[in-house]
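For reference, the structure discussed in these notes is given below.
The values are calculated or read from the model by the stated rules, or taken from the named source; none is laboratory data. Please read all numbers here as calculations on a predicted model, not as lab measurements. Cβ coordinates were reconstructed from backbone atoms using ideal geometry, including for glycine residues, and neighbour counts include every protein chain displayed.
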Amino acid sequence: MSRVRGAAAPTSGTQDHVSLDVERLDAALARAAERAPTWAEVGALQRADILARVVADTMSVAEAWNDAACEAKGLDPRGPQGGEELFSGVGTFVRMAQAFRTSMLDLARVGRPRYPGPVRHRPGDRISVQVLPANAFDRILYGGVTAEVWMQPGQSEADVRESQAGAYREPHAAAGVALVLAAGNVASLGPRDALSKLFAEGKVVVLKANPVNDYLVPYWERALGALIEPGYLQIVSGGAQVGAYLTAHDLVDEIHVTGSDKTHDAIVFGVGEEGARRKAANEPLVTKPVSCELGNVSPIVIVPGQWSAAEIAYQAAHVATMLINNAGFNCLSPRVLVTHAGWSQREEFLDALESAFDAVPTRRAYYPGAHERWGSFIEAYPHARRIGETPPGHLPWTLIRDVDSTNPHEMCLNVEAFCSLTSETALAASSPAEFVQRAVAFCNDVVWGSLSMTLIADPRTVADPITGPAIEQAVADLRYGTIGVNLWHALGFAFATTTWGAYPGHEITDIQSGAGVVGNALLFAAPEKSVVRGPFVARPAPAWFATNAQGGVVMRKLLAFEAAPSWRKIPGLLVAALRH
């Protein structure tokens, strides 16, 4: 069914912060177009060498890059907040570059990227391919965590293998110029999207930085010099006017945008009344391919069980971290917690969640329009709980309890807040298994978007002979591009061998969370979704938890390891993690 249309974060302001320099933009596009055939000729081993230099150059600028991002967001770069920013920015970019480099080496050696497996049959004539752990390092550093990519129905393992790395089978057919319109909230998004287009799809790239984080361009240029110098990547700056000029340019073969459904519609159909008319009539202005990642009202489904006090505290910290990360300015932040109305520990958990928020200082609301968006929710829900002290420029951590799950037009179910705000709604059900089934239908058909969500269930509930199978069926039935099971779905963004993007199938007139994927370092041809799983309670608590005082130390050690894996680095990493 078609769901109520949501609103996500804008990708740029309405005014350019630099003048429109047509000559410069034309030159960047012409250079990219001229280099596209050459890029198609670059072999896998040479691409692996390029990526090795990208990693080295990124590490040389990592601290300066991170310092700049922390200053812009009001974070202490040497504290736990700085570790959070370091990993989500530089860290996820380095991991992606390394994942693509491994695939390039495999392409040169055996003709396709190798995946660790196993391969499993799933409901709906689907198979899944496990992509993590890939080696002994993963098993140690991500203990108990797995990740798998589910394929679209009807594919056999032979089909998956034969269709991998399609852009490398006919590289000249894949060649072209991709315009990447970067988002402004996460420091690595633009560079990561560029790597995906270059190494997964075989395109050369013109990357337009978002005005919100345009200050990062000097660091991106140094980190990506191995691709910029030969002309395979061009980076330009500007706002909406520059974006409009580039999207309409004849030298652009395809477009990728990370941001909001409104931005997608403005690109594809135009703006104002004429844009609305074109959308209603399905008469796009832009007919070149447009891939996009456009946000989500991300649900967190909490399956009822009997939890210990320690388990409640752990999961409260887990869910709080999902919102605290980047001050809630993420497309993967939790926006609605879906609970069982009859769960005896519902209020206890929500109280613990508020306590977890209260233990972490509020953050600067750095993203444009945040105070206005927050205010619109407070006006609609005056009973919202506001938590934490708010110095000038900050917003409180905000929880809206008891949203009416029977009203499909509730703002919290249809509008992505894109600030430090989340909500909770309860579903009535006669049993935990029925709750799971109702939650699937609710998330699929009522909550807006299809990007990402998480299911949380204790091991005793998972082991129940009725509820356990219902949870596994839920993973199969949920129409989301990434699903977490006892693990924040954001890890599906971070791992890179997983895919990141909306559940496939949205029409351009109802694009919701978007079309296409990024990441996908194993170069699968037809992925449906990624599923990441973790232990209900991890010991020690993950370094990415906002409550982890050692997070900054551990994240720096983890980044150094990702850049150059070595057994010698493992003891120091583990010791730092255990000091939590």
### Query
Can you spot a residue in the range 209-221 that is touching a residue at least 60 places away in the same chain (Cβ under 8 Å), β-branched (Val, Ile, Thr) and assigned by TED's automatic domain parsing to the domain that holds residue 72?
yes
#### Entry: Selected residue (only one of 405, 423, 431 is among the hydroxyl-bearing types (Ser, Thr, Tyr), touching a residue at least 12 places away in the same chain (Cβ under 8 Å) and surrounded by fewer than 16 Cβ atoms within 10 Å (Cβ to Cβ))
431
### Task
From the list 504, 565, 535, pick out the single residue that is within 18 Å of the chain's Cα centre (by Cα), in a loop (DSSP other than H, G, I, E, B) and surrounded by fewer than 23 Cβ atoms within 10 Å (Cβ to Cβ).
504
### Query
What single numbered condition from (1) touching an Asp or Glu at 6+ places or on another chain (Cβ under 8 Å); (2) free of Cβ contacts under 8 Å to residues at least 40 places away in the same chain fails to hold for residue 438?
(1)
### Message
I'd like to know if the range 94-102 contains one or more residues that are under 30 Å from residue 323 (Cβ atoms), in contact with a Pro (Cβ under 6 Å, 6 or more places away or on another chain) and not assigned by TED's automatic domain parsing to the domain that holds residue 492.
### Response
no
### Summary
Taking first residues from the range 347-372 that are closer than 19 Å to residue 318 by Cβ and not assigned by TED's automatic domain parsing to the domain that holds residue 210 and second residues anywhere that are among the charged types (D, E, K, R) and buried (at least 21 other Cβ atoms within 10 Å of the Cβ), the pairs with Cβ under 7 Å that are 6 or more apart or on different chains are 350/424
### Message
Checking the structure you have, find out if any residue of the range 457-467 is within 20 Å of the chain's Cα centre (by Cα) and in a loop (DSSP other than H, G, I, E, B).
### Response
no
### Summary
Of all helices (runs of 4 or more DSSP H) fully inside the range 121-230, the set with 3 or more residues that are more than 19 Å from the chain's Cα centre (by Cα) is 136-141, 157-163, 166-169, 171-174, 217-223, 225-228
### Task
Could you please find all residues in the range 478-499 being surrounded by fewer than 24 Cβ atoms within 10 Å (Cβ to Cβ) and of a type in the set (S, T, N, Q)?
486
### Message
Any residue that is within 30 Å of residue 188 (Cα to Cα) and part of a strand (DSSP E or B) - is there at least one of those in the range 484-493?
### Response
yes
#### Entry: Answer from 156, 103, 128, 163 - the residue that is surrounded by 20 or more Cβ atoms within 10 Å (Cβ to Cβ), modelled with pLDDT of 95 or more and farther than 22 Å from residue 561 by Cα
128
